[in-house]
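A quick write-up on the structure given underneath.
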Amino acid sequence: MTTLYPLEDISATGNAAPHIPQRNCLFGIISDMEKKLIREVLADNIRRYMREIPFVDTQVKLSKRAGISQSSVARVLSGQVDTQISIVAAIADAIGVSAADLLAEPEEKPALDLDLMKLARLPKTEQEKIKSFADFVFTQAAADGTVTIVGKVKATSEQETRARRAARRPLSNDSLSIDRDAHHKKKERGAQ
């Protein structure tokens, strides 16, 4: 569906600017542009977290954890009021997310498929370990998006045996190398 949106230039005093014709669609067609109000985004995000996290699954539980009244939570969830940032911050702390997470529209597909209920049930120390590991992986990410993690891996007993056998062999100048093979092939070609 395509909708035409008229664009009017209104000054700070509320007067229409005379240089732009009124009710004129300046740039033509804008396709289905629907932007949610920030208070609706906030309400939807809080509801989503309330469904996913058991310790804030009711308005009463959320209000107690946030230190605000249950009626304040109800007003925020209605999406009909502009909420003070201090209330948003208190609710975010109670849920365990940042205020920015509550105010951002969710992506179509979550970037990371995590069971938030299981995560919320973990002790704080375990949650911090998970966050620390995620931060570590993010810092290790290369520019092309791949992750390189270097660490020591214990060799199997078979690998240790093979390494001991190889170490016992006498050293020789007759070992193969890429340079020697290339040099040898050049000599053969030159002789022909």
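The values are calculated or read from the model by the stated rules, or taken from the named source; none is laboratory data. Quantities reported herein were computed from a predicted structural model and do not represent experimental measurements. For neighbour counting, all protein chains shown are included, and Cβ atoms are generated from backbone atoms with ideal geometry for every residue, glycine included.
Some notes on this structure:
- For residue 7, the stated conditions do not hold, so it cannot be described as under 30 Å from residue 119 (Cβ atoms) and either at pLDDT 85 or above or surrounded by 12 or more Cβ atoms within 10 Å (Cβ to Cβ) (or both).
- Filtering the range 91-119 to residues that are touching a Lys or Arg at 6+ places or on another chain (Cβ under 9 Å) and at pLDDT 90 or above leaves 91, 93, 94, 95.
- Hey, residue 129 out of contact with any Leu (no Cβ under 7 Å at 6 or more places or on another chain), among the basic types (Lys, Arg), at pLDDT below 65 and not assigned by TED's automatic domain parsing to the domain that holds residue 62 or not: no
- Scope the range 10-42; condition at pLDDT 65 or above and not in a loop (DSSP other than H, G, I, E, B); matching residues: 38, 39, 40, 41, 42
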